[in-house]
Each structure stands twice: as structure tokens, then as C-alpha cells.
1. Measure off 7 Å from each Cα along the Cα-to-Cβ vector at A62 and A82, then give the distance between these two points in nanometres to one decimal.
2. Over segment 29-180, what is the percentage of antiparallel beta bridges among all DSSP beta bridges, to the nearest 5?
3. Can you tell me how segment 104-185 classifies by the Cα gyration tensor, rounded, prolate or oblate, using a/c under 1.5 as the rounded cut?
4. With θ set to phi - 60°, apply the Karplus curve 6.51 cos²θ - 1.76 cosθ + 1.60 along segment 70-83 and write out the HN-Hα couplings as whole Hz, x wherever there is a Gly or Pro.
5. What translational diffusion coefficient, in µm²/s and rounded to a whole number, does the Stokes-Einstein relation yield for the chain at 20 °C and a viscosity of 1.002 mPa s, taking the hydrodynamic radius as the Kirkwood radius over Cα pairs?
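Each value in this text was obtained by applying a stated rule to the coordinates, not by laboratory testing. Nothing here was measured: the structure is a model prediction, and the numbers come from that model. Here the Cβ positions follow ideal geometry from the backbone for every residue, glycine too, while neighbour counts run over all protein chains shown.
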Amino acid sequence: MKKAVFLTIAFILFGYMGLQAQSQGERVLIVYFSRSGNTRAVAQFIHQAVGGDLFELRTAHAYPAEHRAATQLARQERDTNARPELASNVQNIEQYDIIFLGFPNWWGTMPMVFFTFLESHNLTGKTIIPFSTYGTSSGLVRGVPDIQRVSPGVTILEGLSIRGGNARNSRNEVNAWLRRIGMLR
Ligand SMILES: Cc1cc2nc3c(=O)[nH]c(=O)nc-3n(C[C@H](O)[C@H](O)[C@H](O)COP(=O)(O)O)c2cc1C
């Protein structure tokens, strides 16, 4: 019995130690936008595993809570290639080396506010790690080429795409991906 308890404690301890962020020495920023909470859940799992700073992109205008009205506004922004104003922006972005970029798939790419964000910072030389949630079709789709086009000087690592309905239960999937890309031991 004692041996079993000891082994269980040892297992938990070593498991915890194994889950250590790999990014020592490199400053990490996790930037995300989330209208209905799915992408936020994934961002929080990343933050809990890797640490760094967490920043939620918010537009100066709120999107309506009602899905159809929100979709209408978002479609109008997409069709007019709008740059929605940010409620606040990341300060001193030059201090970060690695930037996780998390967005819901909106018609195959990022919500337009990401174009506002990317265009308002010089990210040359930084490592970008995209992640996305989606409703029916894979989330990253044109997001990655769009990041590359708007911020040509960045290195983009393998991203993660999670079905929105699974986002709140995705901790294991998130940690497995973080290990795969070398962000967790
Ligand atoms: C304006 C809008 C456009 C969307 N377009 C797509 C799409 O093209 N493909 C898809 O699979 N899901 C689409 N979705 C669903 C979202 O990507 C999905 O619900 C996501 O998990 C929401 O993330 P959030 O809770 O962080 O806002 C769309 C949702 C909205 C509101």
C-alpha cells in the first residue's frame, strides 16, 4: 500500500516536472481574440503550460451577442477589408521573441482585427505560433498565408486547429502539440 502511494506521488511529481516550459530565456506573448470563449479556453491552456504574457485583442466596438447580427457585422468588415479599431494594443512588443496568435476561423481566415494588430507592429525576426478554433472546417486555412503576407519577416511554426466545441476539453491536445513544436519538455 505504502509503495503504491509513494509510486503515485512520484509519478505525479515527475509528470509535473516533465511539463515544463521550454522557452526559458525567450519572452512569450499569447495574443488572442475570442467572441464566444472557445479560442480563449485554448489560449488559457497555452498560458498555463508555457507562461508568458496573455493579451486579449478587443475591438473598440463590441460584436453583438446574437450570432446572426455578429456575423453580419463581421461579414461587412471582411467585405470592406476593414481594419477594426483596437480597444487597446500590446505595449513594447519588441521585448517578445515568441508570439502565439489565436483566432476563431472566420470564413477561412482571421477576424479582420488581426490585420489591424499585425499591421500596427513590426514583427520582423519573431517566431509566430498560430492556433485557431473553428465550427465545421479546419481552422487555420488561409490564416497562416495571411499572417505571412501581412508580416513577411516572421518565422511561423506548426499551428494547432481545434473544433470550437472541443476547445474547453483540449488541454491534453494542446500540451501534446506544445511538446511537438518544442515549447514543452
Ligand atoms: C463571423 C463568423 C464567421 C465564422 N466562419 C467560420 C468558417 O468559415 N468556418 C468554420 O469552420 N467556422 C466558422 N465560424 C465558427 C467559429 O470559428 C467557431 O465557432 C469558433 O470556435 C469561435 O471561437 P470563439 O468562441 O473564440 O469566438 C464562424 C463564426 C463567426 C462568428
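1. So the two model labels end up 1.7 nm from each other.
2. Values: 2 of 23 bridges.
Bridges in segment 29-180 are about 10 percent antiparallel.
3. On the way: a/c = 2.41, a/b = 1.25, b/c = 1.93.
In terms of gyration-tensor shape, oblate.
4. Calculated HN-Hα couplings, in order: 5, 5, 4, 5, 4, 5, 4, 5, 5, 5, 9, 6, 6, 10 Hz.
5. Details: Rh = 17.4 Å.
For these conditions, the coefficient is 123 µm²/s.
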